[in-house]
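Structure record follows, encoded as C-alpha cells.
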C-alpha cells in the first residue's frame, strides 16, 4: 500500500467562516460572487481567519502549512489602516492545563507588505508566507489575525482565504 505526498494542496476558507469583532457584516451574493460585506462605517474590526487543515500526532504527517492568501476588495474610500497581519498558533492543552500560544514568523508579499499598500481602494490578494513552514500537530490550531480601521465611507468586501500546504498521509 502506498502513501500520499501531495506538495500542491490548497484549501479554500470561505469568508463566512471568519470571525469579525466589529462592524455590520452581511453575507452577499452579487454577480455569482459570494462575499462578506461590511456596512460602510468608521469602525475597527478584528478579523480572525481559522486555518482549518488536518493535523497529525505523528511527525512529518498530515498538513505542512506554507502560505495563506487573503482576498478582499475596498471601494469608495481608503481604509484608515490595516496594521496587524499576524499568524497565531494556539496549542490545545491537556485537561486542566493552560492554553499557550505563539506567533510564527511570516512575510507578506511586496504588494501588501505595508499598511499603506493594504488600505487602498483596490482588489487585494495578500499572500502571507510562513518563514518556517510547519507540520500541524494534533493539538495545534492556527488563525490569521488582521486588524482593520475603516473610514466612514470604506466599502470592504471579504471574499475568502486559501491555505497552501503539503498533504502527507
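The values are calculated or read from the model by the stated rules, or taken from the named source; none is laboratory data. All values derive from a computational prediction rather than experimental measurement. Positions of Cβ are generated from backbone atoms using ideal geometry, with glycine treated the same way; all protein chains shown enter the neighbour counts.
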Checklist entry - Could you say which residue among 23, 2 is modelled with pLDDT under 95, more than 21 Å from the chain's Cα centre (by Cα) and over 23 Å from residue 141 (Cβ atoms)? => result 2
Checklist entry - Can you find even one residue in segment 34-47 that is within 22 Å of residue 136 (Cα to Cα), in contact with a strand residue (DSSP E or B) (Cβ under 7 Å, 6 or more places away or on another chain) and in contact (Cβ under 8 Å) with a residue 60 or more places away in the chain? => result yes
Checklist outcome for this item: Filtering strands (runs of 3 or more DSSP E) wholly in segment 28-133 for at least 2 residues that are surrounded by 15 or more Cβ atoms within 10 Å (Cβ to Cβ) and over 16 Å from the mean Cα position of the chain (by Cα) gives 33-38, 62-75
Item to check | Positions within segment 85-110 being touching a helix residue (DSSP H, G or I) at 6+ places or on another chain (Cβ under 9 Å) and touching a residue at least 12 places away in the same chain (Cβ under 8 Å), in sequence order | outcome: 85, 108
Checklist entry - Hey, does segment 62-70 have a residue that's without any contact (Cβ under 8 Å) to a residue 40 or more places away in the chain and more than 19 Å from residue 19 (Cα to Cα)? => result no
